[in-house]
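The values are calculated or read from the model by the stated rules, or taken from the named source; none is laboratory data. Predicted, not measured: the structure shown is a model, and the values here were computed from it. Glycine also receives a Cβ, built like all others from the backbone with ideal geometry; neighbour counts cover every protein chain displayed. The accessibility values were calculated without ligands, DNA or RNA, using every heavy atom of the protein model including side chains. Shrake-Rupley method; radii C 1.70, N 1.55, O 1.52, S 1.80 Å.
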Amino acid sequence: MGTNLASTTALVVPDMTGPDPVRPPLPAVSVTVQSWQGADSPEFRSAWDELALQAGDPNPFLESWYLLPALRAHDQSGRVQLLRAHSQGQLVGLLPLVRQPRYYGKPLPHWAAWMHGNCFLGVPLVTRGLETAFWQAMLGWADQSAKTGLFLHLPHLPLDSTSYRALTAVCDEQGRPAGLVHCEERAMLASDLSPDAYLAAVLTGKKRKELRRQFARLSEQGVLSMTRTRAAEQLEAWVEAFLALEQSGWKGAAGSALASHHATADLFREALAGAAIRGRLERLTLALDDEPLAMLASFITPPGAFSFKTAFDERYARFSPGVLLQRANLSMLADPDVAWTDSCAAADHPMIDHFWRERRVIGRLSVGIGGALRRQIFAAVLKLELGRNPAGLGS
């Protein structure tokens, strides 16, 4: 569903009971944009990792241990640029950008945040409290560097994020045309309930009884075990088992499994190793006689977590091993460092949508850049896009 940006910022109501509060000046933020291929140095990785820990909106897909392997896998030509923001000598913001000649099939050149098939969030890494200063500096750079670009396109933005709210406020304050051209909801786990209480709240007694029956019947097939770990030990064997398990199912037959392509398999191996070293990886495994039936890799990024990839043995589908694994994964609710878990699943997912009842709204935002004439042209294009298709041209 598409909407004008004005409708998203209308919720910000100023206090009209007294004089305007005096806002402290924002810290100076400068922006540079360079090829990502020069970013893989120990010094920059260290600053990047520190930024990730200080970010107001966590995004594991833009952390060094994930983004660099993704770029090596998908951008060997070096088209992607890294926008880096600094303040007082510190790295305070990062976003990968690429110049695109077309917009969802239309000949509309623009700048866009770089995404790929295994990147499920596009919110930039920005030091907490500097979101407004970051967007002001970033949009200022975009105005000066627009070249043939008509606008800036930002996909996969979570509408509950501090960064999104800061961006919409900056656009509103500057009178900058912008529009939310598409948004969708995906499953999220966010509750104060205990795992058992949550299960009772979201599933009927009949369904919970069926899960217990399936677990009991599966236990009759051999020794059933559930293993959860955040340690890096035996990671390589676990990764190879996951790749084989996913490849054995429908994704392998369709050519969409990670192991179907060397680039995505190598990305998975390298990213999970990097996450594990930094304490950012949790692995959950349901096994029968030590053979995995269902596996889940999650990224832990306090105060949130992300269910990155899951796979199950389709030969045991009648026992619902994937659902049994997600039942065990409700223990995430008891983790004091994790307030919410993003499913990273497609909207209307047939399984997780019935199991996780909270929703996270993810949107695609287009923002006008450049001078007054260019912004007027973009505003006309945006009006046409939203008018002809309320869900946006890119839906």
Check TRP111 against each of (1) open to solvent by 10 Å² or more (accessible area, probe 1.4 Å); (2) closer than 23 Å to ASP49 by Cα and name the one condition it does not meet. (2)
I'm told ARG186 meets every condition in (1) basic (Lys, Arg); (2) over 22 Å from ALA346 (Cα atoms); (3) buried (at least 19 other Cβ atoms within 10 Å of the Cβ) except one. Can you identify the failing condition by its number? (2)
Restricting attention to segment 331-342, and to residues there that are over 20 Å from the mean Cα position of the chain (by Cα) and in a helix (DSSP H, G or I), which single residue is surrounded by the most Cβ atoms within 10 Å (Cβ to Cβ)? SER331
Expected single match for touching a residue at least 40 places away in the same chain (Cβ under 8 Å), farther than 24 Å from GLN136 by Cβ and exposed (fewer than 14 other Cβ atoms within 10 Å of the Cβ) among SER35, SER41 is SER35
Residues LEU203, LEU224: which one is more than 24 Å from the chain's Cα centre (by Cα), within 24 Å of HIS349 (Cβ to Cβ) and in contact (Cβ under 8 Å) with a residue 60 or more places away in the chain? LEU203
Over segment 242-251, the set of residues open to solvent by less than 30 Å² (accessible area, probe 1.4 Å) and out of contact with any helix residue (DSSP H, G or I) (no Cβ under 7 Å at 6 or more places or on another chain) is PHE242, LEU245
Scan (1) within 30 Å of VAL338 (Cβ to Cβ); (2) crowded, with 20+ Cβ neighbours inside 10 Å for the single condition TYR103 breaks and write down its number. (1)
It is to be established whether one or more residues within segment 252-265 are open to solvent by less than 10 Å² (accessible area, probe 1.4 Å), on the phi < 0 side of the Ramachandran plot and not in a helix (DSSP H, G or I). yes
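Quick check, is VAL181 touching a residue at least 12 places away in the same chain (Cβ under 8 Å), of a type in the set (Val, Ile, Thr), open to solvent by less than 50 Å² (accessible area, probe 1.4 Å) and over 30 Å from LEU150 (Cβ atoms)?
Here the answer is no, as VAL181 does not meet what is asked.
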Restricting to segment 50-79, name every residue that is touching a Phe, Trp or Tyr at 6+ places or on another chain (Cβ under 8 Å) and surrounded by fewer than 19 Cβ atoms within 10 Å (Cβ to Cβ). ASP75, GLY78
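Go over the candidates ARG165, ARG99, ARG176 one by one and state the one that is part of a loop (DSSP other than H, G, I, E, B), modelled with pLDDT of 95 or more and of a type in the set (Lys, Arg).
Unique residue meeting the criteria: ARG176.
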Exactly one condition in (1) surrounded by fewer than 21 Cβ atoms within 10 Å (Cβ to Cβ); (2) aromatic (Phe, Trp, Tyr); (3) farther than 29 Å from PRO69 by Cβ is not met by TRP141; state its number. (3)
Looking only at segment 313-325, decide whether some residue is closer than 21 Å to ALA231 by Cα, touching a Leu at 6+ places or on another chain (Cβ under 7 Å) and either part of a helix (DSSP H, G or I) or not hydrophobic (A, V, I, L, M, F, W, C) (or both). yes
Being within 15 Å of ALA47 (Cβ to Cβ) and without any contact (Cβ under 8 Å) to a residue 24 or more places away in the chain is the filter here; which residues of segment 83-104 pass it? GLY89
Reported set for segment 268-286 where residues are in a loop (DSSP other than H, G, I, E, B) and either within 14 Å of the chain's Cα centre (by Cα) or surrounded by fewer than 20 Cβ atoms within 10 Å (Cβ to Cβ) (or both) is ARG278, GLY279
I want to confirm something. Restricting to segment 287-317 and keeping residues that are without any contact (Cβ under 8 Å) to a residue 24 or more places away in the chain and surrounded by fewer than 23 Cβ atoms within 10 Å (Cβ to Cβ), which single residue is nearest to TYR198 (Cα to Cα)? ALA317
Per the list (1) under 27 Å from THR204 (Cβ atoms); (2) over 19 Å from the mean Cα position of the chain (by Cα); (3) part of a strand (DSSP E or B); (4) of a type outside the set (Phe, Trp, Tyr), residue check on LEU296 breaks on (2)
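Yes/no matrix, rows are residues, columns are (1) farther than 15 Å from MET295 by Cα; (2) without any contact (Cβ under 8 Å) to a residue 12 or more places away in the chain:
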{"site": "SER320", "(1), (2)": "no, no"}
{"site": "ARG327", "(1), (2)": "no, no"}
{"site": "ASP342", "(1), (2)": "yes, no"}
{"site": "PRO350", "(1), (2)": "yes, yes"}
{"site": "PHE355", "(1), (2)": "yes, no"}
{"site": "ILE362", "(1), (2)": "yes, no"}
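Could you grab me the full set of residues in segment 373-389 that are over 17 Å from HIS182 (Cβ atoms) and open to solvent by 70 Å² or more (accessible area, probe 1.4 Å)?
LEU373, ARG374, GLN376, ILE377
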Any chance you could count how many residues in segment 143-166 are more than 24 Å from ALA47 (Cα to Cα) and among the small types (Gly, Ala, Ser)? 3
Looking only at segment 151-173, count every residue that is open to solvent by 50 Å² or more (accessible area, probe 1.4 Å) and under 21 Å from PRO96 (Cβ atoms) and tell me the total. 2
